[in-house]
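S.K.: Could you have a look at this structure, given as structure tokens, before my questions?
Rule-based calculations on the coordinates, nothing more; no lab input. These figures come from a predicted structure and were not determined experimentally. Virtual Cβ from ideal backbone geometry, glycine too; neighbours counted across all protein chains shown.
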Amino acid sequence: MSLTPVPRVAVIVVAAGSGSRLDAGAPKAFVGIDGRSILRHALAGVFAAPAAQVVVVAPADRVGDATTEVGEAAGERRDLASVVAGGDTRQASVAAGLRAVWPDVDVVLVHDAARALTPPEVFERVVAAVDGGADAVIPVLPVVDTLKRVDGPSVVDAVDRSVLAAAQTPQGFRRDALDAAYRDAAADHTDDAALLQAAGVRVRTVPGDERSFKITTQADLDRARALVAPAPSRPTGAPRVGMGTDVHAFGGDGDLWLAGLEWPGERALSGHSDGDAVAHAIVDAVLAAAGLGDIGTHFGTDKPEYAGAHAAAFLIRTRVLVADAGWVIGNVSVQVQAKRPRFAARRAEAERVLSDALGAPVSVSATTTDGLGYTGVGDGVAAFAVAIVVPA
């Protein structure tokens, strides 16, 4: 069998980061999205693009794992791919990859493995722009959020977002320009385009892609998993009802959090998160209605990212889970049984906060138990919720 012709384009895939913000117990590139790792998904997009030399930069102790991933992704292009050990910084890792690029290559793309779902057409746009005469090219998306410049907790002024763009990868460069910038680099930069710009090279832009978001946090990983998951079978038929209950004892640290609100001066509830029995009962009721298990299934003590989390984190995630399963939350009614706090003055506020997070109407009522039981003597709080979901 003849070897694949030597390409004129190389892609350096940077996969040497520790992923400390993701906190998944492994270097980020080797964390699973589905049955495949972040790196494996990134390589799928790389190898779906026109043929290029591919250099994966991995942590020194994961070169063997990366080699396995490359072998599975490359297929018949295996002779175009290699793995090298990265450095202590991103810039050092790219430099290590650049040293492995073949002499015949004249266009180099640098791509973050963490942007695992980048489609092949983004690679094609970047290469075309370099071929069209640009020395440096980055894919970008317009900034859609309203931005503020702040000084500590205070807003100083608004930032004009019309002149801003969010940079993505792959970033593409003429080989000699990239080599020169790395040879003369005097400082570390956050990306390669910044390094070349510091060297006086003009950086052009091409359209990026919404799917090319960077997996940095657990929420990003959840988003990636939702995008690659097979479409669920859509439920049909009548609305479904679920019930949920939760109980927490007083004895936590700090102030009380209940019904999505902070209650300064009230004793805190104990629990893995903030002990918000109201929010947790709502979650159980909604999950039960949709047939998705219970709060322990999705938010148990084996999920450290929910330690100390407040109601919004639970309700927003529940909303996503239910929508992915093909259901729409109709409404939820929840009753609190407690001696304290007194809900009357803040009932409307609690309903608004809970409804906004869940994306559906939540009504809250409160009662005491006339001094009977643990709630009656003030040892804890109980909550009981009923939820309705309907097919999407």
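S.K.: I need the semi-axes of the equivalent ellipsoid of region 150-191: take the C-alpha gyration tensor, multiply each eigenvalue by 5, square-root it, list largest first in whole angstrom. Display every interim value, and only then the final one.
M.R.: Numbers: eigenvalues 218, 48, 13 Å².
Semi-axes (√(5λ), whole Å): 33, 15, 8.
S.K.: I would also like to ask the following. Can you give the extra length, in nm with one decimal, that the chain gains between residue 331 and residue 147 once fully stretched, where that is 0.36 nm per residue apart less the Cα-Cα distance?
M.R.: Working: separation 184, 0.36 × 184 = 66.24 nm, distance 3.35 nm.
So the extension gain works out to 62.9 nm.
S.K.: Does anyone have the angle between helix 90-99 and the longest principal axis of the chain? Alpha-carbon axes, 0 to 90°, nearest 10?
M.R.: With both axes taken from Cα atoms, the answer is about 30 degrees.
S.K.: Here is a follow-up. In region 92-215, how does Rg compare with the Kirkwood Rh, expressed as the Rg/Rh ratio over alpha carbon atoms?
M.R.: Result for region 92-215 is an Rg/Rh of 1.01.
S.K.: For the chain, take the longest principal axis of its alpha carbons; what is the angle in degrees between that and the long axis of helix 120-131, to the nearest 10 within 0 to 90?
M.R.: 40
S.K.: Then there's this: Quick check on packing: order 214-221, 152-159, 94-101 by the mean number of other C-beta atoms within 10 Å, highest mean leading.
M.R.: 94-101, 214-221, 152-159
S.K.: Looking at the square roots a ≥ b ≥ c of the eigenvalues of the Cα gyration tensor of region 189-262, which shape do they give, rounded for a/c under 1.5, prolate if a/b is larger than b/c, or oblate?
M.R.: Oblate.
S.K.: What is the packing order of peptides 55-63, 128-136, taking the mean over residues of other C-beta atoms within 10 Å and listing the highest first?
M.R.: 55-63, 128-136
S.K.: Net charge around residue 368, counting only other residues with Cβ within less than 14 Å of its Cβ (Lys, Arg = +1; Asp, Glu = -1)? Show your work: numbers first, answer last.
M.R.: Values: positive: 339, 340, 342; negative: 370, 379.
Its environment carries a net charge of +1.
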